[in-house]
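Here is the structure we will look at, set down as structure tokens.
The values are calculated or read from the model by the stated rules, or taken from the named source; none is laboratory data. Computed from a predicted model, the values in this text were never measured in an experiment. We place every Cβ from the backbone using ideal geometry, glycine too, and count neighbours over all the protein chains shown. Surface accessibility is based on the protein's heavy atoms, side chains included, excluding ligands, DNA and RNA. Shrake-Rupley method; radii C 1.70, N 1.55, O 1.52, S 1.80 Å.
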Amino acid sequence: MQRNKKSILNAISAVLLTVCNGLIGIISVKFILIFFGSDFNGLNSTASQLVNVLMIFEGGFTIATNVALFKPYIQKDYNKINSIITATRNTFKKIGILSFVAGVILSFGYSLIINTDLNRVLVFAIFLMTILPVCFNFYYTTKYRILLQAEQKEYVISLITLVTTSCGWIINIIAMSLGCSMWFIRFCLMIFSIINSIAIGAYVKRHFLFLDLKATPNYKAIQGTRDVFAQKITSVFYSTAPIICITITAGGTLLASVYAVYNSVFVLLKGILHAATDAPRLGIGELAAQEDRNRVWDVFQQYELAIVVLLFVFLVTASALIMPFIKVYTAGVTDINYEQPLIAVYLVSICFFELIHIPSGHLLNMTGHFKISKYFQIIACGIICIGFVITILLKLSIYGILSSMLITAISLSFMEIGYIHGKYFEKKIVSFLRLSIPYFVIAILVIVAEIKVLPIMDGYIKLCIWGALIFIINCLIAGIISFTINYKCSLKISQRILGLFLSRVKKH
């Protein structure tokens with residue numbers, strides 16, 4: 001029950017963080033478009049994406065340490081916990097220094113080749129102020145984050161981040177209204193990102209009294225980092241390839257701004273869904289370390305059903321509303337055409353295939369199957385790299401790389417879902433197909449119907465009213481499908497949520 005409570009709390013706090021920061025981010029982009037134009041918005045979005053390249057240096061140590069800490073935390077073996085955390089601290093100090101050197105070189109090199117009309121010194125400064133917080137996070141904060149994750153207290157990270165990043169964006173919006181310079185936007189975010197890291201460290205030092213970073217480091221306990229490294233490389237190519245392709249080709253930062261506006265909606269959407277899919281992963285990992293696979297399968301099945309239902313509700317709603325939102329959001333912006341429905345179709349499809357295999361991917365990592373995951377990631381990385389090269393050579397720009405991303409997401413889904421439901425849990429493929437296919441078919445029909453029914457949107461109020469109405473309708477449809485096709489599993493999920501709610505009521 002305690003594991004369930006932490007998972008729910010982690011999910012709620014992560015969703016709150018994602019929604020608040022996502023909405024503030026969307027509002028701030030609107031201000032950027034008004035005061036600075038699409039060119040600077042494209043540059044700012046490029047900087048935010050390009051910084052993901054530095055995540056290669058993380059090398060999978062975070063996941064490997066999470067897995068290594070499961071049993072010591074269950075056994076309350078604080079000596080072993082300290083030895084693992086000390087080894088992790090030493091490793092991430094080196095990673096922080098290495099990522100800073102690489103980040104400076106990357107910022108300088110990319111500022112020379114990016115297709116933009118903005119001053120190159122400003123471009124370099126924007127990139128540099130973006131990479132500094134990431135390097136500081138590696139050097140100082142990551143070890144504390146891992147401890148909070150091991151305690152399943154990710155909600156602490158979410159709440160601290162909610163306060164600091166929201167403050168940064170709110171100050172930026174006020175500053176833009178008062179006529180601030182372009183460089184101030186990134187400078188403000190950099191300062192609050194560093195404050196966020198310091199605050200997380202201060203919390204852990206105060207509440208984790210057993211922590212001893214002078215313990216003898218146990219590097220052998222952190223296994224599988226080389227295998228997880230493949231995941232990082234694939235993730236980097238996957239997240240940065242669109243922006244890189246667009247900004248170094250004829251599209252430049254203007255087209256990057258178009259992609260960024262669409263992507264901001266789906267980043268918010270995926271952030272909410274990732275909060276729901278990621279929150280239980282540590283609890284399931286802990287369960288898999290203690291229980292037999294039949295028990296794990298029972299919980300995992302509920303996990304997958306919950307994710308499929310969430311995907312149905314959010315993606316059907318997003319599919320119906322994305323183009324009306326873009327039309328309202330970019331009204332008055334004339335430096336480039338933002339109404340490109342094909343981009344929306346690609347991003348909805350990519351989002352679906354990215355998220356449908358997340359439960360399987362989490363189970364692979366949380367049970368230490370890093371080598372299997374590595375092989376899948378190498379194949380996926382090969383696909384996205386080939387797509388990247390073809391796009392550059394044939395000058396396919398945004399649609400070429402979006403096609404590559406979609407193929408990559410589909411391939412990774414087939415591999416991870418196939419392994420978990422065919423190998424880890426034997427002969428469960430049919431169970432997954434019975435679970436997911438009805439939702440997929442009905443989703444397409446509902447999307448077509450809702451697009452036809454929607455009136456022309458002429459403002460945010462009308463958009464919000466119709467959005468809320470469609471969201472409620474989709475929730476009802478998803479609930480009916482769930483209890484019709486998967487009654488027993490749906491009932492278990494409902495009982496689990498109701499049990500948590502009643503226990504909270506009794507406590508108060």
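Values for this structure:
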{"read-out": "Residue satisfying condition, being over 18 Å from G96 (Cβ atoms) and either modelled with pLDDT of 90 or more or under 22 Å from the mean Cα position of the chain (by Cα) (or both), within set T165, T130", "value": "T165"}
{"read-out": "Of residues in segment 88-146 being in a loop (DSSP other than H, G, I, E, B) and either in contact (Cβ under 8 Å) with a residue 40 or more places away in the chain or touching a strand residue (DSSP E or B) at 6+ places or on another chain (Cβ under 6 Å) (or both), the one surrounded by the fewest Cβ atoms within 10 Å (Cβ to Cβ)", "value": "D117"}
{"read-out": "Some residue of segment 430-452 being open to solvent by 90 Å² or more (accessible area, probe 1.4 Å), at pLDDT below 85 and either among the aromatic types (F, W, Y) or over 26 Å from the mean Cα position of the chain (by Cα) (or both)", "value": "no"}
{"read-out": "Some residue of segment 388-407 being open to solvent by less than 20 Å² (accessible area, probe 1.4 Å) and more than 30 Å from T253 (Cβ to Cβ)", "value": "no"}
{"read-out": "I170 being of a type in the set (V, I, T), over 18 Å from the mean Cα position of the chain (by Cα) and open to solvent by 20 Å² or more (accessible area, probe 1.4 Å)", "value": "yes"}
{"read-out": "Spans of helices (runs of 4 or more DSSP H) in segment 201-297 with at least 1 residues modelled with pLDDT under 70 and open to solvent by less than 20 Å² (accessible area, probe 1.4 Å)", "value": "225-248, 281-290"}
{"read-out": "Test for K71: is it basic (K, R), within 30 Å of M366 (Cβ to Cβ), at pLDDT 90 or above and in contact with a helix residue (DSSP H, G or I) (Cβ under 9 Å, 6 or more places away or on another chain)", "value": "no"}
{"read-out": "Test: residue in segment 39-57 that is open to solvent by 10 Å² or more (accessible area, probe 1.4 Å) and either on the phi > 0 side of the Ramachandran plot or over 24 Å from the mean Cα position of the chain (by Cα) (or both)", "value": "yes"}
